[in-house]
Amino acid sequence: MAEPALALTDLAVRYRERRALDGVTFAVAPGEVVGLLGPNGSGKSTLLRAASGVLPYEGGSVRVLGREVATTPRRELARRLAVVGQEGRSEFAWSALEVVLLGRHPHLSGLAFESARDLDLAREALARCGAAALADRPLVELSAGERQRVLFARALTQEPRVLLLDEALSSLDLRYQVELCDRVRELAAEGVAVVTVFHDLSLAAEYCDRVALLEEGRLAAFGPTAEVLTYARLTRVFATEIYVDVNDLTGGLVVTPLSSRARRALAARGAGRPVG
């Protein structure tokens, strides 16, 4: 088996008296998309921050392409790994293209300016994210969803081998959620390892090769998507009843939380518990 692109071993992170992650171990292969799932406060963002070297970890290790994150120089790490978080508002009057070009900085030496190739890569990334028309617009004038697409384009411009997405879909409408997930699958086909936080479990089922399910800082399950996303496991971890079934059109999973009204209707019809 090839060396993992990202490997977490007994990862532990503490916030003062509270342990936010406790003994998390899993590995992501090149070309694999792994979904990071779990309730609020389960440690998803903490895990990505530790994996990206932003947050010190108390114990265990994180290795990106065989190098320990904690001891890898930031510039070198940025040539291997890119992160897209929840969109943040910038007060700088940078254009979208200028923001995307920041992704080339880890590849530049000293005070060198961007080359024609760097500019081409930035424009290609914007086009790939459906944001070519935004190139000359100031970031401060863009909507939350438009800014998020620009930040994703910046990550593409880094040419990473590992991509971490922390709720990168949160500001996007349905069309751009699907398009961004399609881009993620394209990157995986090119050999990029992707770890992405999902709140929409059906999207996770559609796009992920494997999923890591976190519960109170521990790994509740890790494995192929269809094996992890079961009715019993999801209902226990999320503390609400969740319907799991197979999509007749695609053969993929449909994962939907059930309202109290739906639960009562199913019980009245004697439908029993959802499958999975």
Max mean-square fluctuation residue, GNM over the chain, Cα-Cα springs under 10 Å, options 25, 250, 230
250
So what's the Cα pair-distance distribution over the range 71-182, bin width 10 Å, in %?
15, 48, 32, 5, 0
Could you work out how far helix 144-157 tilts from the main Cα principal axis of the chain, as a 0 to 90 degree angle to the nearest 10?
60 degrees
Calculated from backbone phi, Karplus (6.51, -1.76, 1.60) coupling profile of the range 233-246 in Hz, x at Gly/Pro:
5, 5, 4, 6, 5, 8, 6, 7, 6, 10, 7, 10, 8, 9
Report which label in (i) 75, 39, 37; (ii) 65, 43, 32; (iii) 69, 43, 38 holds the value of Cα extents along the principal axes in Å derived from the coordinates of this structure.
(iii)
Under a 1.4 Å probe, what is the accessible area of the chain per residue, stated in Å²?
48 Å²
Equivalent ellipsoid, the range 1-70 (semi-axes from 5 times Cα gyration tensor eigenvalues, Å):
21, 14, 9
Starting with the highest mean, order 114-120, 7-13 by the number of other Cβ atoms within 10 Å, averaged over the residues of each peptide.
7-13, 114-120
Taking amide hydrogens as modeled 1.01 Å from N in the peptide plane, which residues meet the under 5 Å criterion relative to residue 137, leaving out close sequence neighbours?
96, 97
Can you pull the percent of the chain's accessible area that's carbon plus sulfur, 1.4 Å probe, other chains left in place?
52 percent
Residue 38 long-range amide H proximity, modeled H, under 5 Å:
214
List, in order, the whole-Hz ³J(HN,Hα) value for each residue of the range 73-78 obtained from phi through the Karplus relation with A = 6.51, B = -1.76, C = 1.60 and θ = phi - 60°; use x for Gly and Pro.
x, 4, 5, 5, 4, 5
Using the Cα atoms as the points, what is the convex hull volume per residue of the range 127-276 in Å³?
147 Å³
The long-range amide H neighbours of residue 241, using H built 1.01 Å from N in the peptide plane and a cut-off of under 5 Å, are 258
Hull shadow area, averaged, the range 162-251 [alpha-carbon convex hull, nm²]:
6.6 nm²
Determine the calculated [θ] at 222 nm for the chain from helices alone, applying -39500 (n - 2.57) to every DSSP H run no shorter than 4 residues and normalising by the residue count; nearest 500 deg cm²/dmol.
-9500 deg cm²/dmol
J(HN,Hα) series, the range 11-17, from Karplus relation 6.51 cos²θ - 1.76 cosθ + 1.60, nearest Hz, glycine and proline x:
5, 9, 10, 10, 10, 6, 8
Only sites in a loop by DSSP and with at most 16 other Cβ atoms within 10 Å count here; which trypsin sites (Lys or Arg not before Pro) in the range 26-94 make the cut?
89
extent check for the range 31-130: Cα max minus min per principal axis, descending, whole Å, gives 43, 31, 30
Within the range 1-146: Cβ-based charge dipole about Cα centre, in debye rounded to nearest 20 (Lys, Arg +1; Asp, Glu -1)
360 debye
Within the chain, longest stretch clear of exposed chymotrypsin sites (Phe, Trp or Tyr not before Pro) (DSSP loop, no more than 12 other Cβ within 10 Å):
114-276
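The values are calculated or read from the model by the stated rules, or taken from the named source; none is laboratory data. Quick caveat: nothing in here was measured; it's all calculated off a predicted structure. Don't worry about glycine lacking a Cβ; one is built from the backbone with ideal geometry, like all the others, and counts go over all protein chains shown. Areas reflect the complete protein model, heavy atoms only, side chains present, ligands, DNA and RNA absent. Shrake-Rupley method; radii C 1.70, N 1.55, O 1.52, S 1.80 Å.
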